[in-house]
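S.K.: Here it is: the structure, laid out below.
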Amino acid sequence: MKLMATWLNINAQDSASPLMEQLTFFHDHAMLILLIITLIVSYIMATLFTNKYINRFLLEGQTIELIWTIAPAVTLIFIALPSLRLLYLLDEINCPLVSAKSIGHQWYWSYELSDFKTIEFDSYMIPANEMKPFNFRLLDVDNRLPLPFKSQIRMMVSSTDVIHSWTIPSAGVKIDASPGRLNQTTFFLNRPGLFFGQCSEICGTNHSFMPIVIESISPKSFINWVKSY
Ligand code: CUA
């Protein structure tokens, strides 16, 4: 399972949400089309090396022009329609059970959960010299965001200074945190675990050092955490 960035990864991280699963399927679909086009074009280009160019009377080719105009257009439709489906699916809110707010700062995130009572905390990266043996370098934070799995989550994202981006690849979430604007996104975690992300908008010198960590826990444990906060 790849639920955080490690070395030599080519593909996306494994999904921990239905939307990320759909995004992975779309990626594979687009890559397959890309591979087919690359192979066809490579074959045609390779063929050119053995072409003797002996047809002195060729001035136009209506048929081939019709084919190489329509074929790419049809190919684009096969990419555009699933892409559009996914776009609207990602925008669907689906009656969330829990709402959480994330606010970007230079250079840390702060969280607010006001569904139950006022919960507010800051989330800073753990510096390399303060790391414990179980911490992940450049990815772990002092205060993670606990969220219940198997529940629809509404994430509200904003910023106090510059544009940041709240991103959790395995949950299929990436949304800009803009000052003076409240963005909304939603996700559904289908299992427990730690899900890591990093700020994905170039926001200043410490842009690389404001990671995001979700602690996906059972709804029961989440309620206990809220009670004990
Ligand atoms: Cu915050 Cu990049």
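The values are calculated or read from the model by the stated rules, or taken from the named source; none is laboratory data. This structure is a prediction, so every number in the text was calculated from the model and none was measured. As a convention, Cβ positions derive from the backbone with ideal geometry for all residues, glycine included, and neighbour counts pool all protein chains shown. Areas reflect the complete protein model, heavy atoms only, side chains present, ligands, DNA and RNA absent. Shrake-Rupley method; radii C 1.70, N 1.55, O 1.52, S 1.80 Å.
S.K.: Checking the condition more than 10 Å from the ligand (Cβ to nearest atom), open to solvent by 50 Å² or more (accessible area, probe 1.4 Å) and among the hydrophobic types (A, V, I, L, M, F, W, C), which residue from Ile223, Ile214, Ile202 passes? Step through it out loud before you land on a result.
M.R.: Numbers: Ile214 fails: open to solvent by 50 Å² or more (accessible area, probe 1.4 Å); Ile202 fails: more than 10 Å from the ligand (Cβ to nearest atom).
Ile223 is the lone residue from the list that is more than 10 Å from the ligand (Cβ to nearest atom), open to solvent by 50 Å² or more (accessible area, probe 1.4 Å) and among the hydrophobic types (A, V, I, L, M, F, W, C).
S.K.: Select from the range 169-178 the residues that are closer than 11 Å to Ile212 by Cβ and more than 14 Å from the ligand (Cβ to nearest atom) and write down the one among them that is farthest from the chain's Cα centre (by Cα).
M.R.: Result: Ala171.
S.K.: Here's a follow-up. Just give me the residues in the range 15-57 being under 27 Å from Ile153 (Cβ atoms), among the hydrophobic types (A, V, I, L, M, F, W, C) and open to solvent by less than 100 Å² (accessible area, probe 1.4 Å), in sequence order.
M.R.: Within the range 15-57, Ala16, Leu19, Met20, Leu23, Phe26 meet the criteria.
S.K.: To continue, here is another question. Any idea how many residues of the range 166-199 are surrounded by 18 or more Cβ atoms within 10 Å (Cβ to Cβ) and of a type in the set (Gly, Ala, Ser)?
M.R.: Residues meeting the conditions: 5.
S.K.: Quick one: which of Ile103, Ile64, Ile126 is modelled with pLDDT of 95 or more and over 21 Å from the mean Cα position of the chain (by Cα)?
M.R.: On the way: Ile103 fails: over 21 Å from the mean Cα position of the chain (by Cα); Ile64 fails: modelled with pLDDT of 95 or more.
None of the others qualify; the one that does is Ile126.
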